[in-house]
Each structure stands twice: as structure tokens, then as C-alpha cells.
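Right, one structure below, let's go through it.
Laboratory data are not the source of any read-out in this text; all were calculated from the coordinates shown. This one's a predicted model, so the numbers in the text were calculated from it and none came from an experiment. A quick note on method: Cβ atoms are made from the backbone with ideal geometry, for glycine too, and the neighbour counts reach across all protein chains shown.
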Amino acid sequence: MIEDDLRAAFARHEALTPPVGPLRSAIDRLAAARRRRRRRLRAGGAALALLGVLAIGIPPFTPDRVAEDATLLAEPAGSAPTGALNILLLGVDGSAKEPARLADSVLLVHIPADRSRPYLISLPRDLAVPIPGHGTDKLNAAFRYGAGDGRPDLGRGYELTRRVVTDLTGVRVDAGAVLTFPVLRRLTDEVDGVEVCLPREVRSIHTKRVFPTGCQRLDGAASVDLLRQRRGLPEGGLDRDRHAQLFAAGLIRRAGEQGVLANPASLFALVDTVGADLVVGGDGSPLVDLLKVLPDLKSVDPVGLSLPVGPPEGLGWRLPPDPKEAPAFLAALREDRLAQWAARNPGQVNRTR
């Protein structure tokens, strides 16, 4: 009886029900707009992160800037960033979907205030550093502590490593990115390979490939293979850091040759294949303002440097900062005097070609 009464009541009021067509169309339009906004954010974040990868020194987007950055291209341009800039690049094994254990390549890119040229500063993976909440450990462990076990949170791994690097160097990290092997592979292939000039032969313990002494253009798979090598090298992880500098310098030069650094359209096209695998961090700034930094670079030929370290200590082979040379180096970094420091210490400048 109750069911019959309900059916009769619905039938009496059915004519008063508004048509669903307009409502459905409105919902579809809203959903489409949200999808477009998410795509624009992902592309913008990846593009700005790539600028950091290419040592341009430009802070990328962060997720909490969705509203304003989704429409920034229609906004009036402001002023370009001034002063020195620092970008933190972390090379990790794995990907956004696979466990990434350690950040075995930690590269701080310093862009001086005079925009003379980029400085690629390697911070050794085995450097002994205080890690908040975890005592003293190797620098590469900071990423693992932050990212957690199981499916890692690459953003949290980056953030904890950024805190450690900031405490170590005393400089602000303006932006950064986590570079997994899939990202590096696709990025290298998109620029048709990167030339790397090796000072000595390298044999891969993973693929048995031989990388001869001298200059060679590597595709994505070969680049990742080279960047993974540590065992069997005369100075182990320190030699791998130098290889990372050679690769980064080659990528910068290759992008410059192809006009990517000065052409936003080419830049967005390049990062389109990288997509969500590129995890970025930083404070973020309007894209139109940040692109103004590009023409100010007097040279895209970088200088390779490494934090001076002492001999390994203990069974864990932790490397302490050199008590004599590291303080002077870090002071030059904080005071934006790396050009003068490199001129006084030519023996500690790493070749980048």
C-alpha cells in the first residue's frame, strides 16, 4: 500500500521536474574546465622544473598555487627574479610508481646574481650530515627517510633532503626537482641525445657496455647506464658525481643548440613527454616573470665544483666535510663569490666537457 501511494505521488509531481539536459551540460562543462586546468598545471610545473634541470635557476610551480597559476599567461608580466638562485636536483633510482631508495646524486645548481654562468655543485652521497629526526647519517639517506617505505612519497623525500642541504650550505634553495631514471631517459631522447666527454673508460657492471675515453653522444638508456656506475671507478661515488656534472653540462649545451632555452613553445613541447613522473619543489613564481631570466645568462657553459671532503671515517665510509677547505667553499657559495673561489682553486674545478 505504501509503495502504491509513493508511486502515485511521484506520478502527480513528475510534470514539475525540470529538464535534466541543461544541468547535465553544465556539469560536463565544469568537468571539462577542471580537466583543462589540471593539464595546464602539470605542463607548467614540468616546464619550470625542466628549466631547473637545465640550470636556468627558475623556481617551478607547487601544487598549492593552482588557482593563480592556471591563468597566469593572461596576466601582466612583473619583474624577473634578482640576486643569486639555487636549484636542488636529486637523482634517484626508481620512479613515481616504484620504490626509490636513496638520492645517490645530489646536485646544487647555483646561478650568480650577475648571471655569468651556472655552477654545478656536487654534494657527495656519502657526506656525513645531521638529518632532522634521524641523527647523523649519509646525505643520500635523507631522501629515504623523507620518502618512507613501500610506495615512496618523492615530494617528502625531496623536502627533507632540501632541509638538510639548506642547513649544510646556509643558502636558500629556490627550487628543485626529483629526477628518476625514466625522466632522464625520456628527457635525453627528446633532445636526440647528450654528448658526454669522459676522462677515462667506464665499464658498466649492469649491462657490460663499455664507454670509451673521450666524447660520445649517448641516448637515454646509455645515459642512465653511465649515471648508475660507481663500483669499479677509481673514486667511486665521487667519480659518479663528476659524470653527473658532465651529463648535466651536455644537456644544457644540447638544449641551447636546439634553441629550447630561449623558446617557451619548444620548452613546453619538450616536457610534454615527461609529464607527471617529474616531481618538483619550490616556492613558485609567475612564468612570464621567470622567463625574463633566460636572456640575462651570459653563458650556458657551466663550471663544475664539488664540496671539499676529507677521507672516509668509520666502517660506514662516511665522508666528513674538509675542515680546512669546506668552510671557505661554503662561504664563497653563500656570498655569491664562486667565480673568485674557482679562480683561486683551479685544481678543484671539474671539467664539464
Quiz prompt | Extension gain (nm, one decimal) between ASP301 and ALA343, 0.36 nm per residue minus Cα-Cα | solution = 13.5 nm
Exercise. Largest first and to the nearest Å, give the Cα extent of segment 132-188 along each principal axis.
Key: 35, 29, 16
Practice problem: Please give, to one decimal in nm, the separation of the simple spin-label points placed at ASP114 and GLU325, each 7 Å out from Cα toward the Cβ. | Solution: 2.4 nm
Self-check item: Distance between segment 126-173 and segment 217-244 - C-alpha centres, whole angstrom
Solution: 22 Å
Quiz item: Efficiency by 1/(1 + (r/R0)^6): what FRET value for ARG156 and GLU257, r their Cβ-Cβ distance, R0 = 35 Å, to the nearest 0.05?
Solution: 0.45
Self-check item: Extension gain from THR82 to CYS215, taking 0.36 nm per residue of separation minus the Cα-Cα distance
Solution: 44.3 nm
